[in-house]
């Protein structure tokens, strides 16, 4: 028994037909056994004749009944199929909303709806990311084009004006290049999340922090930031370049969003299972409810990054690096203003815990 499905261009033995045939075959076998058993007891040829007729009727009834029962039972599955076929980028709000008995079908429908919720969230996040990335890239390009057009259209422009224009174009191109590099790094890091890292080596978070602090010393001196550091061994295994970028992003953010004459504190260490890094800074007040959004690309303090300093990818890259290394990152808004970020990564295997190990301090 087959059904022809024109849209597929081939015959298909559906689940309903298989269930119906199975029900009919089961009744036929059971009925045949009963008829044979009755004939052996009575030894009357009429029992075989009447039994055969009854078997045909029972089998036909079983097939028809099995088909109807299967059709009713599989109706929610057809709704799942129809919903999936209607899905597109503009119709991700479609849901099963199954209200039948609490059985396997209800579990499947609930799982399907939950999957659509996750897909919708990811799709919206991707659209927002693309829109923000486009905006951030358009801004420096627009600045460069405007400066060039204005300068070239000025017949009285002299060498000084052209030098000024060249400086603006250089700064805008530097911003665009930094954004592109950040996007590529974020894409590379997120691609490794949940999978084995392509490059692994023993590293120490303290070494990455020391290098990052050295790189921002000119800015620290310009703003007059007081730096407190307690760099104890924090051995980990992972991609050294990504780990250095993690420390660099946290230190750069702590300097960039600090206040004149503010403070910056950095601590590293390890416990029995994790190596940790804490970076905190003074600065503007951050509402606690805005902290989770700060790890999204192009967002700061729960607000979209439009024209703010930096590319807006710092903390999102930190989160991606932590995910790729099987670690976690969290942040806490300080009542006095500023932020404290804590990174935890698995302690390097087969590496002895060095002296000076301590628990993560609280500020």
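Miscellaneous remarks
- You can think of it this way: the chain between residue 222 and residue 159 has 19.6 nm of extra reach, that is 0.36 nm per residue less the Cα-Cα gap.
- Theoretical FRET efficiency, 1/(1+(r/R0)^6), r = Cβ-Cβ of residue 152 and residue 180, R0 45 Å, to 0.05: 0.95
- Spacing of the two label points (7 Å from each Cα toward its C-beta) at residue 199 and residue 40, in nm: 7.8 nm
- Based on alpha carbons, the Rg and Dmax found for the range 201-346 are 14.3, 43 Å.
- For a modelled paramagnetic label at residue 256, 7 Å from Cα along Cα-to-Cβ, the residues of the range 231-249 in reach, with backbone nitrogen under 15 Å, are 245-249.
- Förster radius 41 Å - calculated FRET efficiency between residue 56 and residue 84 (Cβ-Cβ, nearest 0.05): 0.55
- Ranking of 115, 19 by neighbouring Cβ atoms within 10 Å, starting from the fewest: 115, 19.
- Full-stretch length increase - residue 30, residue 97 - with 0.36 nm per residue and alpha-carbon distance subtracted: 20.1 nm
- With the simple spin-label model, which puts each label point 7 Å out from Cα in the Cβ direction, the residue 69 to residue 171 separation comes to 7.9 nm.
Each value in this text was obtained by applying a stated rule to the coordinates, not by laboratory testing. No experiment lies behind these values; they were computed from the predicted model shown. Reconstructed Cβ throughout: ideal geometry from the backbone, glycine too, with neighbour counts over all protein chains shown.
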